Amino acid sequence: MWKSYEQRLQATAFSSTILTLPRDQNSLAEISFFNTTATQDQFPESSEAMQNAPPPVVDFSPWTSGASLDQRLQIGRKLVETCHQKGFAYISNHGVAPSLVEEAFAWSKKFFDLPIEDKMQVKRGEDSVAFRGYNVLGVQKVPLALQVRGGDPSIKGFSPDFNETFDLGSDENIEQPNKWLPEHVLPGFREFSTKFYGECWKATQNILRALAIGLGIEDENLIERLHSYPLNSLSFKHYPPVLLSELDRNEKKRLGAHSDMTSVTLLFQDNCGGLEFEIPGRRGEFVPIKPIPGTLVMNVGDALMRWSNGKPTLFHHSPQVRIISVLKLQPDYLQSAIHRVQSPPRDPTNGPGQITRRRYSIPYFVLPKPDKTLECLPCCSNETNPPKYPPTTYKELATGYGKLFYPEADVYSTSKD
Ligand SMILES: O=C(O)CCC(=O)C(=O)O
Ligand SMILES: [Fe+2]
């Protein structure tokens, strides 16, 4: 039977079943326990099939064509509900024109097709953790620590990722300067990328407003004000073909599992496939997220999870602490989504030497203002659901993440408000 959002939130709160957890149970089992056993009977949509099912597409067309308050509320609720269940959503009619998205992929191809000497002219500075410039194939690897939501620095090492990227921001962000190719190398690329970055921000503004409304925040601009668009990053990513056997033997990966250190990420993908999201609460179990033409995939990052009082990440301490943190586990609103890129679906008729298809994707990383206190939003806690994370700043969080990505770099700079 369908229950209202509020009823369902109340019903998931603090199930006494959780108290009976045996102390020797490992942390993963505890998380699964909460997410499957404790909720499954109550909510049909928590059944196995529902957990594996792709999320519904959230259609923003009414929003982008001047929606009524009621329509905005419906979109906001659907978006929040979907992110609450899955950690991400497909969004259609998001406002970035399909022709622009198509053009962005064409520019990406042109960039990565350039001779390596050209691309090396804009190589990312090794002394900086800023995501600006070109990362040579296989250089940027996801730290294994990020397989755990929010990061676990005790997990050492890197995923053997095999992709190349070109990252850029706003030219207004003078503390993280862009690395542009000389104009004659790829005429028009800088102008287009700057325009596309701006269009992604416009789409993001609508999404942040919808999230605010969906979370029940009266001031729909509250979440947006925690951002400043020149801080965001646009990333062109290219996954060249690799031998499937290398992927199978884990010698190479396309992109290792991680959560994003963003508030939200907007992701455009081509039609190759390979993107996968972890099923919330089922550590290590991923489902493929097929490209749906005309949509972007928006995923919740660690900052939004904290604002919305998401899941605690204290699961890898002593058994006592684990139990305490599970006891504190109240219905989390929005969980950051663990995701990765694997090989696209295989053609079983091909032989063992088969290679994966080339893949392009374009994530737009939306980052909070670095020096503002990052703490639970007013709507997202109450007496029985107190804030789970101590207040911090995004700068502090990002410094921690930056050190995971680039242990050798000792510079973290980002512009102020
Ligand atoms: O390439 C993709 O589809 C995912 C990219 C991604 O998750 C990232 O860059 O953080
Ligand atoms: Fe990501």
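Inside the range 247-266, can you point out the residues that are closer than 21 Å to Asn173 by Cβ and either modelled with pLDDT under 95 or within 13 Å of ligand 1 (Cβ to nearest atom) (or both)?
Asp260, Met261, Thr262, Val264, Thr265, Leu266
Any chance you could count how many residues in the range 292-309 are crowded, with 19+ Cβ neighbours inside 10 Å and assigned to a loop (DSSP other than H, G, I, E, B)?
Of the residues in that region, 3 qualify.
Would you mind telling me which numbered condition in (1) touching a Cys at 6+ places or on another chain (Cβ under 8 Å); (2) surrounded by fewer than 20 Cβ atoms within 10 Å (Cβ to Cβ) Asn232 fails?
(2)
Which members of the range 236-269 meet the condition of being within 16 Å of ligand 2 (Cβ to nearest atom) and either surrounded by fewer than 18 Cβ atoms within 10 Å (Cβ to Cβ) or among the basic types (Lys, Arg) (or both)?
Lys237, Lys253, Arg254
Give me a count of the residues in the range 349-377 that are surrounded by 14 or more Cβ atoms within 10 Å (Cβ to Cβ), under 23 Å from the mean Cα position of the chain (by Cα) and away from ligand 1 (no atom under 16 Å from the Cβ).
Total meeting the criteria: 9.
Considering (1) closer than 30 Å to Lys372 by Cβ; (2) among the polar types (S, T, N, Q); (3) part of a helix (DSSP H, G or I), say which one Thr265 fails and leave the rest.
(3)
Here are some residues: Leu19, Leu73, Leu9. Which one is surrounded by fewer than 17 Cβ atoms within 10 Å (Cβ to Cβ), modelled with pLDDT under 75, within 24 Å of the chain's Cα centre (by Cα) and not in a loop (DSSP other than H, G, I, E, B)?
Unique residue meeting the criteria: Leu9.
For the range 228-240, does any single residue satisfy the condition of being within 11 Å of ligand 1 (Cβ to nearest atom) and among the polar types (S, T, N, Q)?
Checked against the condition, which is being within 11 Å of ligand 1 (Cβ to nearest atom) and among the polar types (S, T, N, Q), the range 228-240 yields at least one hit.
May I ask you to say which residue of Leu208, Leu244, Leu181 is over 19 Å from the mean Cα position of the chain (by Cα), at pLDDT 95 or above and more than 13 Å from ligand 1 (Cβ to nearest atom)? Walk me through how you get there before you give the answer.
Working: Leu208 fails: over 19 Å from the mean Cα position of the chain (by Cα); Leu244 fails: at pLDDT 95 or above.
Being over 19 Å from the mean Cα position of the chain (by Cα), at pLDDT 95 or above and more than 13 Å from ligand 1 (Cβ to nearest atom) holds for just one of Leu208, Leu244, Leu181, which is Leu181.
Working carefully through the options Gly274, Gly284, find the one that is touching a residue at least 24 places away in the same chain (Cβ under 8 Å) and within 16 Å of ligand 2 (Cβ to nearest atom).
Exactly one of Gly274, Gly284 is touching a residue at least 24 places away in the same chain (Cβ under 8 Å) and within 16 Å of ligand 2 (Cβ to nearest atom), namely Gly274.
In the set Asn221, Asn178, Asn206, Asn173, which member is in a loop (DSSP other than H, G, I, E, B), closer than 20 Å to His94 by Cβ and of a type outside the set (D, E, K, R)?
It is Asn221.
Between a first residue in the range 243-268 that is closer than 30 Å to Thr82 by Cα and hydroxyl-bearing (Ser, Thr, Tyr) and a second residue that is in a strand (DSSP E or B) and more than 9 Å from ligand 1 (Cβ to nearest atom), which pairs have beta carbons less than 6 Å apart while being 6 or more apart in sequence or on different chains?
Thr262/Val366; Ser263/Val366; Ser263/Pro368
Looking at the range 146-161, can you tell me whether even one residue there is buried (at least 21 other Cβ atoms within 10 Å of the Cβ) and among the hydroxyl-bearing types (Ser, Thr, Tyr)?
No, the conditions are met nowhere in the range 146-161.
Could you say which residue among Ile223, Ile279, Ile213 is crowded, with 19+ Cβ neighbours inside 10 Å, modelled with pLDDT under 95, more than 14 Å from ligand 2 (Cβ to nearest atom) and over 15 Å from the mean Cα position of the chain (by Cα)? Give the derivation first.
Numbers: Ile223 fails: modelled with pLDDT under 95; Ile279 fails: over 15 Å from the mean Cα position of the chain (by Cα).
Answer to the selection: Ile213.
For the range 334-356, how many residues are modelled with pLDDT of 90 or more and more than 25 Å from Phe88 (Cα to Cα)?
Residues in the range 334-356 being modelled with pLDDT of 90 or more and more than 25 Å from Phe88 (Cα to Cα): 0 in total.
Checking the structure you have, find out if any residue of the range 114-137 is more than 23 Å from Ile338 (Cα to Cα), in contact (Cβ under 8 Å) with a residue 24 or more places away in the chain and aromatic (Phe, Trp, Tyr).
Yes: one or more hits.
The values are calculated or read from the model by the stated rules, or taken from the named source; none is laboratory data. Nothing here was measured: the structure is a model prediction, and the numbers come from that model. All Cβ positions, glycine included, derive from the backbone under ideal geometry; neighbour counts span all protein chains shown.
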